[in-house]
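Visitor: Right, I'll just put the structure down here and ask away after.
Read-outs throughout are calculated quantities, based only on the coordinates presented, and are distinct from any laboratory measurement. The structure displayed is predicted, hence computed values, not measured ones. Virtual Cβ from ideal backbone geometry, glycine too; neighbours counted across all protein chains shown.
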């Protein structure tokens, strides 16, 4: 990968319409970069939960677990991509799965860029200044949502209204996926124990 | 040498296998709530010493006693309601006298199921004679001094039945009475026994589901519904400043303990992590579920007060800021746990709890931990933070999970301008507000100290940046000239 691939996400977050268009049609995006951004996001979540200043950090240190943080960041990301892909395939979206992953990953960049320094700065804040912490946090989230919106719209070539509808449907689809996953898991466990029980029964009777 | 080593090892093993010399085991676990709403075990602040029954005093047994009082001389008054008598002992539980009636206009009169007793500093006994609908005031020798009955006022309904249950009296002789069936607050009488009005009305709270139900119900249904009336107070006490402490039993309220100023407003400080209402973590359904039922309160000095939860038989002591210092007690049959605790009192440094079910008084003596906490809290309350620090440090040695001790030390350090250390203690005590104050000061200190260095660094950076831009510009221009020349 060349240097321009690393620079490209910064172009995207500042010029989203241009950026996502070129990402789709000029092949300027890279899935690997998107995954690097997700990895940075994980790092950011771990650091923020552990090291944010005392005044803004309400986490119970006994419950902090970096493995959980990884799970709760990466799984929703994948879940969103899969659900969005499933929905947009049915709704005449033009995006490929790799493009959805790229758009979502690149959209996460502002969160990383804002929260990483913010975590450090929050350690030097007094109570009155923590308002800025929450302000910048909120700005990061809004920026992310805006980029996600533009990204999905460009990748699938949707109208704004249809984008909003698909995003809402995506959230519902995520719920459905989680529900089906849980159902499948519990059924698998039951089937497993069914086999185990039969095996035990046979062992005891023979 | 080898022999010596073996001997040493043997000695260590023997020493380790011996049971530690511990004080008498308590039948309960003391605890407090930490920042994360977990109940954290504490060393016992009080240990049961003995139980005093009627037989121990050379009398027949108590019969459902209702109240207990310790006057300023340390004499103990037990209101033995079932036997309609008042048992008075000195501080060492030696019987002094028994008051079982008085002379009224030459005729003997006695009590009928009295609910509460208060002894004024001048020796006057105030007895809430519940079933006789009167408050009897006897002087120190047991002679009738005055009587409060039949309160007259426009605000009282015509068929009002006066049933005083608990009472307290302030320095000026004003009487504050908890009366059964009175929802307007505490009844206040002046020193001549004239009804003055109500103080400290409890406001009614309606939950969202209540409102929803009422809206959905038909008119006929609504009429048969339970009325939303405020809860009654369950007990009163008074501190040396004349503030009345009152408890109420209201499962939906967060303010079951109130501190009423002379105009009847609730001025209790509630600066702790959680509401001042006894247990904050309890089961919602099933056995032993529901919030604490605070039925008695005692001001124990140094801004502290102890409330009695008759539901789970626990005692909760708070400091003047509304932070839970400790909670202990329980239900059971051993010494130190209760059947139906009804009253709590302080005699010297000992805590007395009257148990109506067991018909005795349980005496608790403070442990080193308990008395240290009391001492440090009192010192801090009186403004001697620096002296309190040494005791707080002792407390932390006994219990390093005690947030209030960290807070106490932190506040003192903050006053001595030792901001960095104060920050550490506030962080350990999970006190964000004070941490912020300490941090602000510390940050200012550091900035002032390194002002020169910081400014030099910033200036250097700016200069370096400007130089970089200039060189780049200059180089570009040079290359452009070259290109133009070609």
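Visitor: Can you figure out the FRET efficiency of residue A:78 with residue B:384, using R₀ = 35 Å and their beta-carbon distance, to the nearest 0.05?
Guide: Values: r = 61 Å, r/R0 = 1.73.
Efficiency for this residue pair is about 0.05.
Visitor: Ranked highest first by average number of other Cβ atoms within 10 Å, how do B:222-231, A:54-63 line up? Provide the component values of the computation, followed by the final result.
Guide: On the way: B:222-231: 10.2, A:54-63: 13.2.
In decreasing order of mean packing, B:222-231, A:54-63 become A:54-63, B:222-231.
Visitor: Taking only the alpha carbons of region B:31-366, what extent do you get along each of the three principal axes, in Å, biggest first?
Guide: 62, 54, 35
Visitor: If you don't mind, there's one more thing I want to ask. Based on the Cα coordinates of region B:220-263, what is the per residue volume of their convex hull in Å³?
Guide: Numbers: hull volume 3.7 nm³, N = 44.
Spread over its residues, the Cα hull of region B:220-263 gives 85 Å³ apiece.
Visitor: If I build a Gaussian network model for chain A, linking alpha-carbon pairs within less than 10 angstrom, which residue out of A:189, A:112, A:74 has the largest mean-square fluctuation?
Guide: Judging by the Gaussian network model, the answer is A:189.
Visitor: How much of the calculated P(r) for region B:204-318 lies past 22 Å, in percent of all Cα pairs? Can you show the working numbers first?
Guide: Numbers: 2767 of 6555 pairs.
Roughly 42 percent, once rounded to a whole number.
Visitor: Once you treat every alpha carbon in chain A as an equal point and sum by Debye, what is log10 I(q)/I(0) at q = 0.08 Å⁻¹?
Guide: -0.38
Visitor: Rounded to a whole number of µm²/s, how large is the Stokes-Einstein D of region A:46-127 at 10 °C and 1.306 mPa s, given Rh as the Kirkwood radius over C-alpha pairs? Walk me through the intermediate numbers first.
Guide: Numbers: Rh = 15.0 Å.
Rounded, D is 106 µm²/s.
Visitor: Another question about this same structure. Roughly how many nanometres apart are two label points built 7 Å out from the Cα toward the Cβ at residue A:116 and residue B:198?
Guide: Roughly 6.4 nm, to one decimal.
Visitor: Within region B:184-203, which residues have the backbone N less than 16 Å from the label spot 7 Å out from residue B:229 along Cα→beta-carbon, could you tell me?
Guide: Of the residues in region B:184-203, B:184-187, B:201-203 have backbone N under 16 Å from the label point off residue B:229.
Visitor: With N set to the number of residues, divide the alpha-carbon radius of gyration of region B:367-446 by 2.2 N^0.38 Å and report two decimals. Before the final figure, lay out the partial values.
Guide: On the way: Rg = 12.4 Å, N = 80, 2.2 N^0.38 = 11.6 Å.
In units of the globular-protein estimate, region B:367-446 measures up at 1.07.
Visitor: Now a separate question. For an R0 of 51 angstrom, estimate the FRET efficiency from the Cβ-Cβ distance between residue A:7 and residue B:400 and round to the nearest 0.05. Don't jump to the answer; show the numbers that get you there.
Guide: Values: r = 52 Å, r/R0 = 1.03.
Approximately 0.45, to the nearest 0.05.
Visitor: I need B:216, B:68 ordered by Cβ neighbour count within 10 Å, fewest first.
Guide: Details: B:216 9, B:68 23.
In increasing order of surrounding Cβ atoms, one gets B:216, B:68.
Visitor: Provide a whole-number value for the mean count of partner chain Cβ atoms within 10 Å of the Cβ atoms in peptide A:50-63. Mind dumping the intermediate values first?
Guide: Values: counts 0, 0, 0, 3, 9, 6, 1, 1, 3, 0, 4, 1, 2, 1.
Mean number of neighbouring Cβ atoms from other chains: 2.
Visitor: Roughly how many nanometres apart are two label points built 7 Å out from the Cα toward the Cβ at residue A:36 and residue B:112?
Guide: Label at residue A:36, label at residue B:112, 9.2 nm between them.
Visitor: Give me the distance in nm between label points sitting 7 Å out from Cα along the Cα-to-Cβ direction at residue B:350 and residue B:180, one decimal.
Guide: 3.2 nm
Visitor: A follow-up question, please. If each residue's Cβ is checked for other Cβ atoms within 10 Å, how do B:270, B:356, B:314 rank with the fewest at the top?
Guide: Ranking B:270, B:356, B:314 by Cβ neighbours within 10 Å, fewest first, gives B:270, B:356, B:314.
Visitor: Here's another thing I want to ask about it. What does the convex hull of the Cα atoms of the protein assembly as shown come to per residue, in Å³, rounded to a whole number?
Guide: Numbers: hull volume 265.2 nm³, N = 692.
Convex hull of Cα atoms, per residue: 383 Å³.
Visitor: Sort B:377, B:207 so the one with the fewest other Cβ atoms within 10 Å of its own Cβ comes first. Numbers along the way, then the final one.
Guide: Values: B:377 28, B:207 9.
By the 10 Å Cβ count, ascending, the order reads B:207, B:377.
Visitor: State, as an integer percentage, the relative contact order of chain A based on alpha-carbon contacts under 8 Å between residues 6 or more apart. Show your work: numbers first, answer last.
Guide: Values: 194 pairs, mean separation 55.8, N = 206.
27 percent.
Visitor: Another question about this same structure. Can you tell me what percent of all Cα-Cα pairs in region B:298-371 are more than 14 Å apart?
Guide: In whole percent, the share of Cα-Cα pairs in region B:298-371 beyond 14 Å is 57.
Visitor: Using r as the Cβ-Cβ distance of residue B:143 and residue B:334, and R0 as 41 Å, what FRET efficiency do you calculate, to the nearest 0.05? Please list the in-between numbers first.
Guide: Values: r = 42 Å, r/R0 = 1.03.
My answer for the efficiency is 0.45.
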